[in-house]
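In what follows, a single structure is set out as structure tokens and then discussed.
The values are calculated or read from the model by the stated rules, or taken from the named source; none is laboratory data. The model shown is predicted, which means the values in this text are computed figures rather than measured ones. For neighbour counting, all protein chains shown are included, and Cβ atoms are generated from backbone atoms with ideal geometry for every residue, glycine included.
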Amino acid sequence: MTPHDENEPYTRLAGIRIAQLGLCIALFLSFSVATLGFSFNLLIQPTFAITACAAKAFFILSCGFGFLSTVCGALACLTRLEDFRVTAQVARYRGDSSKAAEVAIWRKRYEQLGDWTWALFIAQLALFGLQAILLMFSLVVAYWQRLS
């Protein structure tokens, strides 16, 4: 068995992991934007049903967390793109001994970008969770009479 054959399962799974992370970032970015759209749709209705002070506070916080979640998701996408760009440079020049110092710098950079991507993704998930929960609380407070 050659070293290439031994690394094949890892390489295959790493590719799947990379694709899944991008999919998850895009999925939760879509959820956050859709929830913001739903919230803005409530705002433009002729009669705004969220009138209780607590419900308004939950609603405003939900919109704020939704905006932050969207920003984190967009930044996570950008850091992933930059990570891929730098990784491609490393792959292109890793055998070139005249660029060894630059390759070492690029490797450190793509490791940092990977860390940033994961941190932004986790922040995106947490902020989306807060967005959804606070919107739910806002709607429950506003429509409690109809629910009970």
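Of the residues in the stretch 103-110, at least one is more than 23 Å from residue 31 (Cα to Cα), in contact (Cβ under 8 Å) with a residue 12 or more places away in the chain and among the basic types (Lys, Arg).
For (1) acidic (Asp, Glu); (2) under 28 Å from residue 22 (Cβ atoms); (3) within 23 Å of the chain's Cα centre (by Cα); (4) surrounded by 15 or more Cβ atoms within 10 Å (Cβ to Cβ), each residue gets a yes or a no:
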residue	(1), (2), (3), (4)
40	no, yes, yes, no
75	no, yes, yes, yes
91	no, yes, no, no
106	no, yes, no, yes
110	no, yes, yes, yes
114	no, yes, yes, yes
129	no, yes, yes, no
148	no, no, no, no
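Taking the listed residues 82, 102, the one that is surrounded by 12 or more Cβ atoms within 10 Å (Cβ to Cβ) and at pLDDT below 90 is 102, with no other qualifying. When 91, 126, 74, 119 are screened for being more than 30 Å from residue 30 (Cβ to Cβ), part of a helix (DSSP H, G or I), without any contact (Cβ under 8 Å) to a residue 60 or more places away in the chain and not aromatic (Phe, Trp, Tyr), only 91 passes.
Which numbered condition trips up residue 29, out of (1) closer than 26 Å to residue 119 by Cα; (2) modelled with pLDDT under 95? Condition (2) is where residue 29 drops out.
No other residue among 12, 94, 17, 80 is touching a Gly at 6+ places or on another chain (Cβ under 7 Å) and of a type in the set (Lys, Arg) apart from 80.
The number of residues in the stretch 46-71 being exposed (fewer than 14 other Cβ atoms within 10 Å of the Cβ), in a helix (DSSP H, G or I) and among the aliphatic types (A, V, I, L, M) comes to 1.
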